[in-house]
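Colleague: Handing you this structure, nothing more for now.
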Amino acid sequence: MTIDLGERSYPILIGPGLVDDVRVLDEAVPRRDIMVVTNEVVAPLYLERLLRGLQGRRVGSMLLPDGERHKTLETASRILDALVVARMNRDACVVALGGGVVGDVAGFAAACYQRGVDFVQVPTTLLAQVDSSVGGKTGVNHPGGKNLIGAFHQPRAVVSDTGTLRSLPVRELRAGFAEVLKYGLVADAAFLAWLESNLAALLALEPDVVARAVRRSCEIKAAIVAADEREHGARALLNLGHTFGHAIEAAAGYGEWLHGEAVGIGMLMAADLSSRLGWIGGAEVERVRGLLRRAELPSSAPAIGAGRALELMAMDKKVLAGRIRLVLLARLGQGVVSGDYPAQVLHETLASHFGSAA
């Protein structure tokens, strides 16, 4: 399938065995200088296999430490140093082999190096295949908030080898499901119902079910990104649960909660707030909670206190004129971006989930 962005359009290739497919790699990765960025967990599994498929190019590689806490300017600087040491020029291409952290930080380095060089995403986690590898958002975290430093830089291609998901720890796989669930909640009630019926098969990595879930997620994201590449409007829908979730990640310390775990709780909180506004009913909130529990994702937030949560949420990129805009649910399958809610209702929601202590 294709992300349609005019001159910046690119293909998303989905299927098993793609990391070993020379034909696919020749199509996706240019025949010029390449820097493969991966991490210490993914490299032993897939780096040599990928390098075999990139023969005929001058290829360098570098390993990052694993984990969200390393998604920093310091790590991006290490990638830039490696590009300089390898004497790579503006026709170089950065290949990100790994999950969302690797893709985000490698893409950010590619956006910065010589004011922008090509990069290719080779995502190896469910979360990265359905979300972070698609759409051109790159960046790093700051102690004051998640993804506060970054750039829009679209990849040249996304190569999603669904076979790599079999090497994921179960916790990572379940966290990735939260991002799949997001697409059903904000844009496709039929997909949401399909996920409810096929959750066990998806988590068991049945190939046809995985391929359908990844493709439909990417289709929904592709349509939204094509309409609003730089998140001036509709693209913010893709952040359902993220404003609440980012507060959890920042308060707990990056890496204590997986991104998908925090987003899952955030989506439940968004549903709760939508219910308090009278937009959806309590049964719909319980439907969301039930899916999280079936996926064995956390369904309760850490007790960081409503005041602290609000402080962290105020640093969210969707804040305009001091007003926190949230992605809420007009109904299941239809998300809306709104800052038009009573402050008291938000506080009640935060206190209910985070506790009332400051």
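Colleague: Answer yes if at least one residue in region 157-168 is free of Cβ contacts under 8 Å to residues at least 40 places away in the same chain, over 16 Å from the mean Cα position of the chain (by Cα) and farther than 14 Å from VAL102 by Cβ, and no otherwise. Steps first, please.
Modeller: Looking only at region 157-168, we keep the residues that are free of Cβ contacts under 8 Å to residues at least 40 places away in the same chain, and these are 166.
Now drop any that are not over 16 Å from the mean Cα position of the chain (by Cα), which leaves 166.
Still in the running and farther than 14 Å from VAL102 by Cβ: 166.
Yes: one or more hits.
Colleague: Six or more apart or on different chains, Cβ under 9 Å: which pairs go from a residue in region 83-99 that's free of Cβ contacts under 8 Å to residues at least 24 places away in the same chain to one that's assigned to a loop (DSSP other than H, G, I, E, B) and surrounded by fewer than 22 Cβ atoms within 10 Å (Cβ to Cβ)? Could you list them?
Modeller: As it stands, the answer is ARG87/ASP33, since those pairs meet every condition given.
Colleague: Now for a separate question. Can you run down the residue pairs with Cβ atoms below 9 Å, 6 or more apart or on separate chains, where the first is in region 236-264 and free of Cβ contacts under 8 Å to residues at least 24 places away in the same chain and the partner is aromatic (Phe, Trp, Tyr) and surrounded by 24 or more Cβ atoms within 10 Å (Cβ to Cβ)?
Modeller: ALA262/PHE244
Colleague: Right, another one. Could you please give the count of residues in region 174-217 that are crowded, with 21+ Cβ neighbours inside 10 Å and either assigned by TED's automatic domain parsing to the domain that holds ASP161 or in contact with a Ser or Thr (Cβ under 8 Å, 6 or more places away or on another chain) (or both)?
Modeller: Within region 174-217, residues that are crowded, with 21+ Cβ neighbours inside 10 Å and either assigned by TED's automatic domain parsing to the domain that holds ASP161 or in contact with a Ser or Thr (Cβ under 8 Å, 6 or more places away or on another chain) (or both) number 6.
Colleague: Can you tell me which residue among ALA43, ALA92, ALA28, ALA76 is under 29 Å from ARG171 (Cα atoms) and buried (at least 21 other Cβ atoms within 10 Å of the Cβ)? Show your work before the answer.
Modeller: Numbers: ALA43 fails: buried (at least 21 other Cβ atoms within 10 Å of the Cβ); ALA92 fails: under 29 Å from ARG171 (Cα atoms); ALA28 fails: under 29 Å from ARG171 (Cα atoms).
After applying the criteria, what remains is ALA76.
Colleague: Being touching a Phe, Trp or Tyr at 6+ places or on another chain (Cβ under 7 Å) and not assigned by TED's automatic domain parsing to the domain that holds GLU261 narrows it down to one residue among THR72, THR138, THR162; which is it?
Modeller: Testing whether each residue is touching a Phe, Trp or Tyr at 6+ places or on another chain (Cβ under 7 Å) and not assigned by TED's automatic domain parsing to the domain that holds GLU261 leaves just THR138.
Colleague: Let me ask something else about it. Would you check if THR138 is within 16 Å of the chain's Cα centre (by Cα) and β-branched (Val, Ile, Thr)?
Modeller: Criteria met by THR138.
Colleague: Within region 211-233, work out how many residues are in contact (Cβ under 8 Å) with a residue 60 or more places away in the chain and of a type in the set (A, V, I, L, M).
Modeller: The total comes to 6.
Colleague: Looking for whichever is assigned to a loop (DSSP other than H, G, I, E, B), in contact (Cβ under 8 Å) with a residue 40 or more places away in the chain, basic (Lys, Arg) and in contact with a strand residue (DSSP E or B) (Cβ under 8 Å, 6 or more places away or on another chain) here; the options are ARG57, ARG32. Which one fits?
Modeller: Within the list ARG57, ARG32, the selection yields ARG32.
Colleague: Let me ask something additional. Scan region 123-135 residue by residue and report those that are of a type outside the set (A, V, I, L, M, F, W, C) and either over 11 Å from the mean Cα position of the chain (by Cα) or on the phi < 0 side of the Ramachandran plot (or both).
Modeller: PRO123, THR124, THR125, GLN129, ASP131, SER132, SER133
Colleague: Follow-up. I'm trying to understand the selection: among the residues of region 99-131, which are buried (at least 24 other Cβ atoms within 10 Å of the Cβ) and hydroxyl-bearing (Ser, Thr, Tyr)?
Modeller: Passing the criteria: THR124, THR125.
Colleague: Please enumerate the residues belonging to region 301-324 that are over 21 Å from the mean Cα position of the chain (by Cα) and either modelled with pLDDT under 80 or more than 18 Å from TYR341 (Cα to Cα) (or both).
Modeller: PRO302, ALA303, ILE304, GLY305, ARG308, LEU320, ALA321, GLY322
The values are calculated or read from the model by the stated rules, or taken from the named source; none is laboratory data. In this text, all values refer to a predicted model and were calculated from it rather than measured experimentally. Methodologically, a virtual Cβ is constructed for each residue, glycine included, from the backbone with ideal geometry; neighbour enumeration extends over all protein chains shown.
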